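Each remark here refers to the structure printed beneath this line.
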Amino acid sequence: MLAVLLLAGMSYALAQTLVVPALPTLAREFSTTQSTSSWLLTGFLLSASVATPIVGKLGDQLGKGRVLTAILLLFATGSTVCAVADSIGVVITGRVIQGVGGGVFPLAFGIRSRPRAPTRSPSSSRPSAGWPRSPQRCRSRRAPARRPPLTPRPARRPVDDQERFGTSAGSRSCSRKKRTIGST
């Protein structure tokens with residue numbers, strides 16, 4: 001599974017960066033201006049930035065594996081559209097479709113970091129990997145939720161050293177004996 005996630009991430013990263021040095025060549029090939037050909041990169045990044053949070057949310061709701069498969073199919077469709085394109089508009093459309101593949105990263109991180117069920121080794125009755133068996137153990141490790149107080153707290157008044165320590169700050173003494181080197 002890790003190899004598939006790495007391959008998906010690498011294909012998206014390469015599709016993002018490999019078009020930059022090819023922009024002048026693509027502008028000449030399609031007889032267009034540099035500003036029009038720059039939309040190949042702009043459309044890709046714009047669709048990736050819009051699709052990434054949406055794809056992450058869909059992965060949480062529908063399952064990360066299913067959504068990752070759909071996103072990789074969309075990425076492949078965009079690559080096919082770019083490969084068979086005969087005009088710059090079609091290539092830009094293919095790059096926008098490819099940009100939806102930006103959702104690969106949150107899905108891959110979610111798939112990689114999800115907890116696994118404990119597995120049992122044949123020689124032992126204890127779980128060999130994964131999370132603790134008892135859900136109560138997991139709950140007890142969580143910090144309690146902090147809730148705001150129902151009534152507002154009264155404002156605190158400043159306290160000086162005389163009230164706090166019973167002496168002034170300069171004449172405060174320590175009740176512990178100082179240890180010197182060699183004494184026990």
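The values are calculated or read from the model by the stated rules, or taken from the named source; none is laboratory data. All of these numbers come straight from a predicted model, not from anything done at the bench. Here Cβ is always computed from backbone atoms with ideal geometry, including for glycine, and neighbour counts include all displayed protein chains.
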### Where Thr17 falls short, out of the listed (1) among the hydroxyl-bearing types (Ser, Thr, Tyr); (2) closer than 28 Å to Ser113 by Cβ; (3) touching a helix residue (DSSP H, G or I) at 6+ places or on another chain (Cβ under 8 Å)
(3)
### Summary
Filtering the stretch 58-72 down to residues that are surrounded by fewer than 19 Cβ atoms within 10 Å (Cβ to Cβ) and among the charged types (D, E, K, R) yields Asp60, Arg66
### Query
Any idea which of (1) within 15 Å of Gly101 (Cβ to Cβ); (2) modelled with pLDDT under 90; (3) small (Gly, Ala, Ser) is the one Ser47 doesn't satisfy?
(2)
### Message
Quick check on this structure: which one of Arg95, Arg28 is part of a helix (DSSP H, G or I), surrounded by 19 or more Cβ atoms within 10 Å (Cβ to Cβ) and over 22 Å from the mean Cα position of the chain (by Cα)?
### Response
Arg95
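For every residue, the table says whether it meets (1) surrounded by 21 or more Cβ atoms within 10 Å (Cβ to Cβ); (2) among the hydroxyl-bearing types (Ser, Thr, Tyr).
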position: Ser35; (1), (2): no, yes
position: Ser47; (1), (2): no, yes
position: Ala85; (1), (2): no, no
position: Val91; (1), (2): yes, no
position: Gly103; (1), (2): yes, no
position: Ile111; (1), (2): no, no
### Task
Find the residue count for the stretch 1-25, including only residues that are assigned to a helix (DSSP H, G or I) and surrounded by fewer than 17 Cβ atoms within 10 Å (Cβ to Cβ).
13
### Summary
Those residues of the stretch 98-119 that are at pLDDT 80 or above and in a loop (DSSP other than H, G, I, E, B) come to a total of 0
#### Entry: Those residues of the stretch 56-105 which are within 29 Å of Ser31 (Cβ to Cβ) and charged (D, E, K, R), in sequence order
Asp86, Arg95
